[in-house]
Amino acid sequence: MGTVATVTLGPDYADRIESVTEHIREIFDRLESELSAYRPDSAISELSRMAGVAPLQVSEDAYHVLSLGQHLGRLSAGAFGNPASPLVSLWGFNGAPVPMAIPSDQSICELLKLVDYRRLVLHDGTAFLPVAGMAVDVGGIAKGYAVDRAYDYCLSAGIRDFLIDFSGNVRAAGRPLRREGWQIGVRDPFDGSRIIGKIALPSGLAVATSGSYERFVEIAGERFSHIIDPRTGYPVTGTASVTVLCADAITADALSTSFFIAGLEGAVELLKKVSSVELLVVPDRYPADLWLTPGLDKA
Ligand code: AMP
Ligand code: MG
């Protein structure tokens, strides 16, 4: 998935780090081969190729990820949507060439018709994009799903103290050496060498961060983030980073992307629709000015 994952085990499990890492690598490799939009042979790429042709039987993993993505589409009033892929490509992400000029309103309008999350048909293990040209990209949710699968594996292998961090998607259990619990540093979106605070991560819960600093393109001297609002067709502006703490990593991943798009204006509305979610929003203004829910205030 084009990024780095780290696995940390508590001191009682030091001698198992190699085999645990190897198992998690296998899980991630398998999921990448199913879910990557970069791999032409993945189920997700196949689904996009079959757009307008016929429904495709997809793996349980892909079906689960696409279903939760669609649920988030509903919750976020269309801000989150795995079918945003054609727009993500238009702006030069996911391996597409970076455009020389800002895409025209006309080219954006054409694609807006193809990116509606409601048009992805999920039924009984099959997925279907009914119009040729539609495509899906699960990059906003798949790493969290992978972390949950690795988390389940660690528990089933009898590991009680561990932390998995897949490019800012983190889930942990138990505690590290000489501490009551795990702590996660939240990166300063304006200065990657600093952190803006720490979050105490309760055992079993997950944290995810979406940031405009992670991936961006420069078009005509302007920077554009890799998260696109499928309702406008434009890359999201106004948010520098969003961190979400909640029950599992797939939800944290999908929600961090969703809240990133919702921005401060939409965050309160979206918060009403989800339960047991703590949120930190850093608007794209300098000096940094943080907005957080009461549960994170202690950090
Ligand atoms: P994340 O880093 O988890 O916030 O996910 C960002 C990735 O999600 C991008 O690189 C795209 O692959 C994908 N993406 C971009 N815009 C959207 C969107 N509106 N809904 C869902 N996924 C998106
Ligand atoms: Mg995400």
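Read-outs throughout are calculated quantities, based only on the coordinates presented, and are distinct from any laboratory measurement. What you are looking at is a predicted structure, and each value in this text was computed from that prediction instead of being measured. Glycine also receives a Cβ, built like all others from the backbone with ideal geometry; neighbour counts cover every protein chain displayed.
The table for this structure:
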quantity: Dipole axis of segment 123-213 (+1 Lys, Arg; -1 Asp, Glu on Cβ), positive-most option in Leu177, Ala157, Ala146; calculated: Leu177
quantity: Cut-off under 5 Å, modelled amide H: who pairs with Ile196 long-range; calculated: Val186, Arg187, Asp188
quantity: Span-like helix ranges in the chain, DSSP H, alpha carbon extent 18 angstrom or more, Kyte mean at least 0.5; calculated: 249-273
quantity: Whole-number D in µm² s⁻¹ for segment 163-297, Kirkwood Cα-pair radius fed into Stokes-Einstein, 4 °C, 1.567 mPa s; calculated: 85
quantity: Rg(Cα) / (2.2 N^0.38 Å) computed for the chain, rounded to two decimals; calculated: 0.99
quantity: Ala288/Val4 FRET efficiency (R0 22 Å; Cβ-Cβ; nearest 0.05); calculated: 0.30
quantity: Computed log₁₀ I(q)/I(0) - Debye formula, equal Cα scatterers, no solvent, segment 53-158, q 0.11, 0.17, 0.19, 0.20 Å⁻¹; calculated: -0.41, -0.85, -1.01, -1.08
quantity: For Phe80, residues with placed amide H under 5 Å, excluding near neighbours; calculated: none
quantity: Distance from segment 96-151 to segment 210-278 (C-alpha centre basis), Å; calculated: 16
quantity: Backbone N within segment 279-295 under 20 Å of label point (7 Å from Arg194 Cα along the Cβ vector); calculated: 280-292
